[in-house]
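For reference, the structure is listed below as structure tokens.
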Amino acid sequence: MKSFLIFLVAMGIIVTLSDAYCFSKMYKPGEANKGCTLHGKLYPFGEIARTEKCFKCSCSQETMRCCSLFHTPTDYDKENCKVIFNKKSCDYDVVQKSDPSRECFVSSRVG
């Protein structure tokens, strides 16, 4: 129990220091025999560099831990620019509404 508490504190510190959105999914004994399921897809045990929905994950029989590979823009010119999710790069592009080929300046993002 003591080591589990230390683990939770360490994960809390790591999550607050990182920029990415992260989550964990705990499995009951015997529930994840063939791998981990995320968004309806089965992933193998081990490290998953990139899922279909742009997460980096670690899969074990006990837990699946995932963090986003994208950061959501929060501070940009909302009147003249729009946000488009780019599945190829797993990130958001902020482009001009009048000319989507031109990028907009983004001063902050959250994960």
Residue among TYR43, TYR76 that is in the same structural domain as MET26 (by TED's automatic domain parsing) and either touching a Leu at 6+ places or on another chain (Cβ under 7 Å) or buried (at least 17 other Cβ atoms within 10 Å of the Cβ) (or both):
TYR43
Against the conditions (1) crowded, with 16+ Cβ neighbours inside 10 Å; (2) touching a Leu at 6+ places or on another chain (Cβ under 9 Å), where does LEU69 fall short? Just the number, please.
(2)
Condition first: more than 12 Å from HIS71 (Cα to Cα) and either in contact with a strand residue (DSSP E or B) (Cβ under 9 Å, 6 or more places away or on another chain) or not charged (D, E, K, R) (or both). Now tell me which residues in segment 85-106 satisfy that.
VAL95, GLN96, LYS97, SER98, PRO100, SER101, ARG102, GLU103, CYS104, PHE105
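Yes or no, residue by residue, for (1) surrounded by 11 or more Cβ atoms within 10 Å (Cβ to Cβ); (2) of a type in the set (D, E, K, R):
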residue	(1), (2)
ARG50	yes, yes
CYS59	yes, no
ASP93	yes, yes
SER107	no, no
VAL110	yes, no
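The values are calculated or read from the model by the stated rules, or taken from the named source; none is laboratory data. As the structure is a computational prediction, the values presented were derived from the model and not from experiment. Here the Cβ is made from the backbone with ideal geometry for all residues, glycine too, and neighbour counts use every protein chain on show.
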